[in-house]
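Input: a single structure, listed below in structure tokens.
The values are calculated or read from the model by the stated rules, or taken from the named source; none is laboratory data. In this text, all values refer to a predicted model and were calculated from it rather than measured experimentally. Cβ placement follows ideal geometry from the backbone for every residue including glycine, while neighbour counts extend to all protein chains displayed. Ligands, DNA and RNA are excluded from the accessible area calculation, which covers all protein heavy atoms including side chains. Shrake-Rupley method; radii C 1.70, N 1.55, O 1.52, S 1.80 Å.
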Amino acid sequence: KKITSNSLIGTEVILTLGNLRSINVYLLGEAFKPGSYTVGSLSSLTNVLFASGGVSKLGSLRNIELKRQGKVVKMYDFYDLLFTGDTTADIRLQDGDTIFIPLIKKRVSMNGSVMREGYFELKDSDSFWDLISLAGLSNQQSNTLEYNSFNRQLQERISKFLNISEIKDLPLQDGDV
């Protein structure tokens, strides 16, 4: 309005948005309620996830795919929104888009002296320190942890106590506690 009034003296511009059009998007894979959704044209990926009931218990929150014309145009990590409130990775949807939620690949459990106990999904690139930042240490003085894993090749359970300084390069695998 200011640009118009400065360049065209004596002119006033009023802009009104009429009805927004609707678009159809598909939510597939491990969604709580998979299917076709009709949403407003200004809807984003997270709008559809919230409207649909979200991701099922088996669905990945870290590797959500947005497909447009059969090609993946965006990989979305819902943890960015949940744990840090970061909405910059959210993307506006277009008519015919498909949101695909794959199965979880790697999930570990963390409990004890942490602020958030429970299961955490990890990406292949995540380290033990990434897990610590997700769970949040409640006691910074604590420097010992119990690590439980299952060696699939030897078919045996591994359980050991580690000093927190020893876990720098601890490889985490699906099912670790």
Some residue of segment 128-145 being surrounded by 14 or more Cβ atoms within 10 Å (Cβ to Cβ), under 29 Å from the mean Cα position of the chain (by Cα), modelled with pLDDT under 85 and in a strand (DSSP E or B): yes
Verdict on Phe120 being open to solvent by less than 70 Å² (accessible area, probe 1.4 Å) and at negative phi: yes
Residue within segment 150-167 that is closer than 23 Å to Ser60 by Cβ, modelled with pLDDT of 85 or more and not in a helix (DSSP H, G or I) present: yes
Hits in segment 12-33 - residues which are closer than 27 Å to Tyr119 by Cβ and either free of Cβ contacts under 8 Å to residues at least 24 places away in the same chain or open to solvent by 80 Å² or more (accessible area, probe 1.4 Å) (or both): Phe32, Lys33
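Quick one: would you say Gly70 is among the small types (Gly, Ala, Ser), open to solvent by 50 Å² or more (accessible area, probe 1.4 Å) and at positive phi?
Details: among the small types (Gly, Ala, Ser): yes; open to solvent by 50 Å² or more (accessible area, probe 1.4 Å): yes; at positive phi: yes.
So Gly70 fits the description; yes.
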Yes/no for Leu82 being part of a loop (DSSP other than H, G, I, E, B), modelled with pLDDT under 95 and open to solvent by 40 Å² or more (accessible area, probe 1.4 Å): no
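Examine segment 95-103 for a residue that is touching a Gly at 6+ places or on another chain (Cβ under 9 Å), at pLDDT 95 or above and assigned to a loop (DSSP other than H, G, I, E, B), and state whether such a residue exists. Full working, then the answer.
Step one: filter segment 95-103 for residues touching a Gly at 6+ places or on another chain (Cβ under 9 Å), giving 98-103.
In the following step, the residues that additionally are at pLDDT 95 or above were identified as 98-103.
If we keep only those that are assigned to a loop (DSSP other than H, G, I, E, B) too, we end up with 102.
Yes: segment 95-103 contains one or more residues that are touching a Gly at 6+ places or on another chain (Cβ under 9 Å), at pLDDT 95 or above and assigned to a loop (DSSP other than H, G, I, E, B).
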